[in-house]
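Reviewing the structure listed below.
Computed from the coordinates by the stated procedures, all read-outs in this text should not be read as laboratory data. Quick caveat: nothing in here was measured; it's all calculated off a predicted structure. Heads up, the Cβs are rebuilt from the backbone with ideal geometry, glycines too, and the neighbour counts pull from every protein chain shown.
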Amino acid sequence: MAFPKDFMWGGATAANQCEGAWNVGGKGMTVTDASTAGTLTEPRYTTYVTKEGEKKKAVMFEELPKGAHRAVFDGYYYPCHEGIDFYHHYKEDIALFAEMGFKIFRMSISWARIFPKGIEDEPNQEGIEFYRNVFKELKKYDIEPLVTIYHYDLPVYLEEDLGGWGNRELIDLYEKYARVLFNEYKGLVKYWLTFNEINSPLLIRSFVPNYPKEKVKDDLQLLHHQFVASARVVRAAHEIDPDMKVGTMVAGVTSYPLRCHPDDVIANQKRQQDDFYYCCDIMARGEYPYFAQRLWNEFDAKLDITDQDLVDLKEGKVDMVTFSYYSTGCTTVDPNAEKAKGNFSTGAKNPYLKYSEWGWSIDGQGLRYLLNELYGRYQLPLMVVENGLGAVDQLEEDGSIHDPYRIAYTKEHVLAMKDAVNDGVNLLAYTYWGCIDLVSASTGEMKKRYGFIYVDKNNDGSGTLKRYKKDSFYWYKKVIESNGEDVD
């Protein structure tokens, strides 16, 4: 067996990591616009002004003091301000995607480019037309847009003045924003994703040392608001255009028990439930899973859930399940087990796997495992909408970039997807993450490159922004032409 004839090969990006033009075209400021660059060893910071007027910075994900406002200071570098300037280079970039043979391109819309503060009565027309032009350019090459409505870039006004997703008001504001998109781009965009990696608030407690238990309680409430918002938007899309397909998007945090010790097996089961299935179950099944009460009890959470919320959740089940997948982890109760090191990496080190320079395990079989688990659990079409390898690439004098490590990584995962399809999984699409180099979300670096297309830009922001084709560009072109048959 092979990939289906209509399988959609492509790539993925996010507005706040590639678009740039952070204060151009009527766009408002987002929370990521105040994020500095970092490295593997130095975290990204959020710069802000206290209510007393002092200039400060906090580690990314750290809660800001009450009354503080995000601000941009001289002397700091904010990589998302320019990204790779997709805003001005989108025609060139889409032509390169078309040359590779893309059938689908995942991108996101910046909420603040449509509603600068998030509360306006009318959308910013310049932002509306920018995305319309991008979609038309994609359609010119018969590339299907896959659009993420919210990808980590909340307008700062909604975060600081309204309290972010902890405020129920954001449900209505998000629905208004999404309805504008559906009405404006009806006939241009068929596939939508409501939230990027919606389970990330639950994952943060593993990434941030000594993450407060009280904050997890708040995160569970804000997640409930996002679930309801997503459900209402799914229902709105179906009302506006029955041909629209709307999916969830979850960070695929796949993990194994480190040992066959029953305590490790139970600990891993709980980790998968809490970090992954809690969110996916609600959006795919339309109700909270049976283990939700256990999680709420653990953090003494008593959620504000209305009767109408429960109706909305049931009526707004997603049409498909999509997820990111980069690596797997291991779970153990053994405190002496060797830890996997690296940014955002958690859990014990798997002795059977190789690890990237940034501490991520390389595990194609884990993707096959997850695809089977998800399809067996939900019986909904699936998309792998992020998968890729961050690495340091060398631009040679002749303009070539030799990246056999990226080809090897992607080949392993393409073969794993093919195996999953042969297992009977209904897989619709694969959008390789960072198909063109962009700013790393975790470290804010450019040297941690994912793309098939090299962008001449450095960690300090210098560079020409010129695009170059890597060896992997030609390899992926061959994979798409053969519908996944020629991977050598």
*Proxy reagent accessibility, fewest Cβ within 10 Å first, across Y290, Y48*: Y290, Y48
*Where both partners of a DSSP beta bridge lie in the chain, what percent of those bridges are antiparallel, to the nearest 5?*
30 percent
*Okay, which of the stretch 365-387 sit inside 20 Å, backbone N to the point 7 Å along the Cα-Cβ direction of R285?*
370-383
_Restricting everything to alpha-carbon atoms, can you work out Rg to Rh for the chain with a Kirkwood hydrodynamic radius?_
0.93
*Tensor-based shape of the stretch 238-396 (alpha-carbon gyration tensor, a/c under 1.5 rounded, otherwise prolate or oblate)*: oblate
*Which far-off residues, 5 or more places away or on another chain, put their amide H under 5 Å from the one on T30, with H placed in the peptide plane?*
V156
*List, largest first, the extents of the alpha carbons of the stretch 66-126 along their principal axes, each in whole Å.*
49, 36, 20
*Spherically averaged projected area in nm², based on the convex hull that wraps the Cα atoms of the stretch 305-405*: 11.0 nm²
*Using the scaling law 2.2 N^0.38 Å as the reference, what is the normalised Cα Rg of the stretch 40-103?*
1.68
*Given 0.36 nm per residue, what is the gain on full extension from N297 to N336 after removing their alpha carbon distance, in nm?*
11.2 nm
*Under a 5 Å amide H to amide H cut-off, with H placed in plane at 1.01 Å, what residues pair with E144 once short-range neighbours are removed?*
I104, F105
*What percent do you get for the relative contact order of the chain when only Cα pairs under 8 Å and 6+ apart count?*
17 percent
*Find the eigenvalues of the gyration tensor of the Cα atoms of the stretch 180-326, then list the square roots of 5 times those eigenvalues as equivalent ellipsoid semi-axes, largest first, in whole angstrom.*
30, 18, 13
*Among rounded, prolate and oblate, which fits the stretch 267-344 when a ≥ b ≥ c are the square roots of the eigenvalues of its C-alpha gyration tensor, a/c under 1.5 means rounded, and a/b larger than b/c means prolate?*
oblate
*Could you work out the Kirkwood radius for the stretch 443-488, taking every pair of different alpha carbons, averaging 1/r and inverting it, reported in Å?*
12.0 Å
*Let me know the whole percent of all Cα-Cα pairs from the stretch 49-165 that are separated by more than 23 Å.*
45 percent
*In nm, what is the difference between 0.36 nm times the number of residues separating D121 and D241 and their Cα-Cα distance?*
40.9 nm
*Projected label distance in nm at Y76 and F207, using a 7 Å step from Cα toward the beta-carbon*: 1.7 nm
*For Y432, which sequence-distant residues (separation of 5 or more, or a different chain) have an amide H within less than 5 Å of its own amide H, given hydrogens modelled in the peptide plane?*
G10, G11, A12
*Among the listed pairs K57/K91; K186/K317; K354/K447, those beyond 26 Å (Cα-Cα)*: K57/K91
*According to a simple spin-label model (label point 7 Å from Cα along Cα-to-Cβ), what is the distance in nm between N426 and D6?*
1.2 nm
*From the phi of every residue in the stretch 295-303, what ³J(HN,Hα) in whole Hz does the Karplus formula 6.51 cos²θ - 1.76 cosθ + 1.60 yield, where θ is phi - 60° and glycine or proline is x?*
5, 5, 4, 4, 10, 6, 9, 10, 6
*Ascending count of other beta-carbon atoms within 10 Å, so fewest first, for M100, M249, M29*: M29, M100, M249
*Extension gain, D456 back to E52 (0.36 nm per residue minus Cα-Cα distance, nm)*: 141.4 nm
*asked:* Taking R0 as 51 Å, what FRET efficiency do you get between L310 and K466 from their Cβ-Cβ distance, rounded to the nearest 0.05?
replied: 0.45
*Specify which residue in the list A408, H89, G316 is farthest towards the positive end of the charge dipole of the chain, using unit charges on the beta carbon of Lys, Arg (+1) and Asp, Glu (-1), about the Cα centre.*
A408
*Hey, what did the stretch 42-137 get for relative contact order, percent, Cα under 8 Å, at least 6 apart?*
17 percent
_For the stretch 278-410, what does the relative contact order come out to in percent, with C-alpha contacts under 8 Å and a separation of six or more?_
22 percent
*Mind giving me the nanometre distance, one decimal, between the label points for E481 and E396, set 7 Å out from Cα along Cα→Cβ?*
2.0 nm
